[in-house]
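Asks: Input: one structure, supplied below.
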Amino acid sequence: MKIIKTSFILFFLSSLAYSQTDSIKSDTTYWEKGAVLNLNFSQVDLTNWNGGGKSSISIGGLTNFNANYTKGKNVWDNRLDMAYGLLRQGESEAPFVKTDDNIILTSRYSRQLKKRMFLSAIVDFRTQFDEGLNDESVVISRFMAPGFLLANIGVTYKYKKLFTATLSPLSSKSTFVMDDSLSTAGAYGVEAGENFRFQGGINFSSSFQKDIWENVNLSTNLNLFADYEKLGNVDVNWETALNFKINKFLSASYSTQFIYDDDIKSKEIIVNDATGESRNVAGVQFKSVMNIGLNIKI
């Protein structure tokens with residue numbers, strides 16, 4: 001629990017620190033920077049409530065930082081997304097459980113070739129703050145277990161600020177499992193006892209963002225990666241978000257994430273009904289998150 005509290009505090013302190021430094025005027029017009037912080041909290045307290053139910057406390061937040069540089073034919077886009085959420089159901093002795101947790105850092109450098117065509121180099125890093133547990137309270141993930149690093153070189157098509165698509169025939173995916181128990185089990189595709197796996201392959205990524213109605217913004221990002229050794233197995237990561245501006249200080253968001261990775265054996269199937277023999281196979285991962293809370297935009 002101490003780790004959870006520490007991570008949560010550091011998460012928001014970093015957000016506030018960025019908010020303060022970002023207000024300082026830069027001496028160049030080539031940079032465009034911004035930050036959005038969303039906080040939400042809910043509490044239900046029940047005592048002798050005939051309708052049934054449990055008391056609960058929910059707290060969470062998500063934040064986005066971006067710093068983009070444009071000068072001549074050179075474009076450098078940087079983005080950091082973080083989210084963390086906790087929920088406790090029951091009395092005060094009940095444990096908090098994690099409901100959301102991610103760290104995503106992306107950096108893209110592009111050199112313009114034609115009006116809408118660019119040569120691009122992209123780095124995408126993903127991990128989480130805290131440990132994750134399954135239904136049996138067994139640890140199945142931690143900070144940097146897994147961690148994923150994608151590095152791509154390819155050609156990008158860009159239409160205004162609405163749509164980009166990049167095809168990268170030179171792509172790599174590095175998987176980190178910096179936890180001894182998960183490494184020993186060969187989790188997330190690493191060899192048993194190893195902490196690192198490298199794959200070379202081909203990558204396709206696209207993003208779309210548009211205000212579809214007044215005060216309603218839609219954004220979606222799709223990433224596909226195929227290892228050259230197993231081109232038939234495609235890793236899919238598809239994220240979509242709807243952001244609603246209620247007023248100057250209140251906002252709401254609904255986001256989904258769809259993941260399929262052949263190296264993450266998260267689904268158990270029965271292979272022999274007579275003996276009950278089973279094995280783990282790759283399964284579809286899906287997450288949806290709705291937030292309503294305080295919004296701070298810089």
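Every number here is computed from the coordinates shown, using simple stated rules; none is lab data. As the structure is a computational prediction, the values presented were derived from the model and not from experiment. Quick reminder, even Gly has a Cβ in these numbers, built from the backbone with ideal geometry, and neighbours come from all protein chains shown.
Asks: Modelling each spin label as a point 7 Å along the Cα-to-Cβ direction, I'd like the Glu229/Leu39 distance in nm, to one decimal.
Replies: Calculated label separation equals 4.8 nm.
Asks: For Asp180 and Leu87, FRET efficiency with R0 = 30 Å and r from the beta-carbon atoms, rounded to 0.05? Don't jump to the answer; show the numbers that get you there.
Replies: Numbers: r = 29 Å, r/R0 = 0.96.
That gives a FRET efficiency of 0.55.
Asks: Moving on. Taking Lys73 as the anchor, which aspartates and glutamates have their alpha carbon closer than 18 Å to its alpha carbon, excluding any fewer than eight residues away along the same chain?
Replies: Glu32
Asks: Then there is this: Take the residue pairs Lys33/Lys161; Lys33/Lys173; Lys158/Lys210 and return only those whose Cα atoms are more than 19 Å apart.
Replies: Where the Cα-Cα span goes over 19 Å, the pairs concerned are Lys33/Lys173.
Asks: Collect residues whose amide H, placed 1.01 Å from N in the peptide plane, falls under 5 Å from the amide H of Asp179; neighbours closer than 5 in sequence don't count.
Replies: Result for Asp179 returns nothing.
Asks: Using the beta-carbon distance between Lys73 and Asp262 and R0 = 41 Å, what value does 1/(1 + (r/R0)^6) give for FRET efficiency, to the nearest 0.05?
Replies: Working: r = 38 Å, r/R0 = 0.94.
With a Förster radius of 41 Å, E is 0.60.
Asks: Given points 7 Å out from each Cα along the Cα-Cβ axis, report the Thr240 to Val97 separation in nanometres with one decimal.
Replies: So the label points at Thr240 and Val97 sit 2.7 nm apart.
Asks: Can you run phi through the Karplus equation (6.51, -1.76, 1.60; θ = phi - 60°) for the range 132-142 and list ³J(HN,Hα) in whole Hz, with x for Gly and Pro?
Replies: x, 10, 8, 5, 9, 6, 9, 5, 10, 6, 8
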